[in-house]
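Accompanying notes for the structure given below.
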Amino acid sequence: MAKYDCEMFGFFSYSPELSYNELYALEEAFRSTLHDALAAHGADYMQYEPEGDALRVQCVFAGCEEEVFHAVCDTVVRSMSGHVHGRLLFVNKNLQELLVYRLQHTGWSEAAVSLLGLDSI
């Protein structure tokens, strides 16, 4: 059985200015691009949950490699328009750190939270 050391949670929201038909077309294209980007960078067990003007995604990765997460962000951002904004959370299953990414069509930003040293709490 394969071992997966990292879990990813994502949330993407679409502009409320979009008509139903525009939203449907954008979501279909974006979801396909997102799926391809995740698969190309080693994601497995991808699950998508459309929720009105938003899309939730969850998947696993074999390792917790920041370079892979950056590559996912780079790929996804290239496909985003001003009508899509997103956040990705990568959790090391040993709970050593959390990596959070904010994505929009102009780029992405990263925040890391180390959970090491919290054993004394």
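The values are calculated or read from the model by the stated rules, or taken from the named source; none is laboratory data. Just so it is clear, the model here is predicted, and its values are computed rather than measured. Here the Cβ is made from the backbone with ideal geometry for all residues, glycine too, and neighbour counts use every protein chain on show. Please note that ligands, DNA and RNA were not included when accessible areas were found on the heavy atoms of the full protein model with its side chains. Shrake-Rupley method; radii C 1.70, N 1.55, O 1.52, S 1.80 Å.
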Response to the item:
Once both label points are put 7 Å beyond Cα along the C-beta direction, the Glu17-Ala112 separation in nm becomes 3.6
Item to complete: Report, as a whole number in µm² per second, the diffusion coefficient that Stokes-Einstein gives for segment 23-65 at 10 °C and 1.306 mPa s using the Kirkwood radius over alpha carbon pairs.
Response: 143
Worksheet entry | Projected label distance in nm at Asp5 and Arg102, using a 7 Å step from Cα toward the beta-carbon | 2.9
Worksheet item: With every protein chain left in place, what is the accessible area of Met8 in Å² (1.4 Å probe, nearest 10)?
Response: 0
Practice prompt. Determine how large the accessible area of Arg87 is when every protein chain is in place; take a 1.4 Å probe and give Å² rounded to the nearest 10.
Written response: 130
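If you place +1 on the Cβ of every Lys and Arg and -1 on the Cβ of every Asp and Glu, how big does the dipole about the Cα centre of the chain come out, in debye to the nearest 20? Don't jump to the answer; show the numbers that get you there.
Numbers: 7 positive and 18 negative charges, 9 e Å.
Magnitude of the dipole: close to 40 debye.
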Response to the item:
If each part is reduced to its alpha-carbon centroid, segment 10-60 and segment 90-105 end up apart, in Å, by 18
Worksheet item: For Glu97, what accessible area in Å² do you get when you roll a 1.4 Å probe over the heavy atoms of the protein chains, rounding to the nearest 10?
Response: 70
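Around Val60, what is the net charge, scoring Lys/Arg as +1 and Asp/Glu as -1 over all other residues with Cβ under 12 Å from its Cβ? Display every interim value, and only then the final one.
Details: positive: Lys3, Lys93; negative: Asp5, Glu7, Asp44.
Local charge sum for Val60: -1.
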Discussion item. Rounding to the nearest 10 and keeping the result within 0 to 90°, find how far the Cα-based axis of helix 66-78 lies from the longest principal axis of the chain.
Written reply: 10
Fill in: Solvent-accessible area per residue, Å², over the chain with all protein chains present [probe radius 1.4 Å]
59
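Using a 1.4 Å probe on the protein chains only, how many percent of the accessible area of segment 6-111 belongs to carbon and sulfur? Please list the in-between numbers first.
On the way: 2800 of 5650 Å².
Here it works out to 50 percent.
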Worksheet entry | q = 0.13, 0.24 Å⁻¹, segment 1-116: log10 I(q)/I(0) [Debye, one scatterer per Cα] | -0.48, -1.44
Worksheet entry | Partnerless cysteines, meaning none of the other Cys C-beta atoms lie under 4.7 Å away, in the chain | Cys59, Cys73
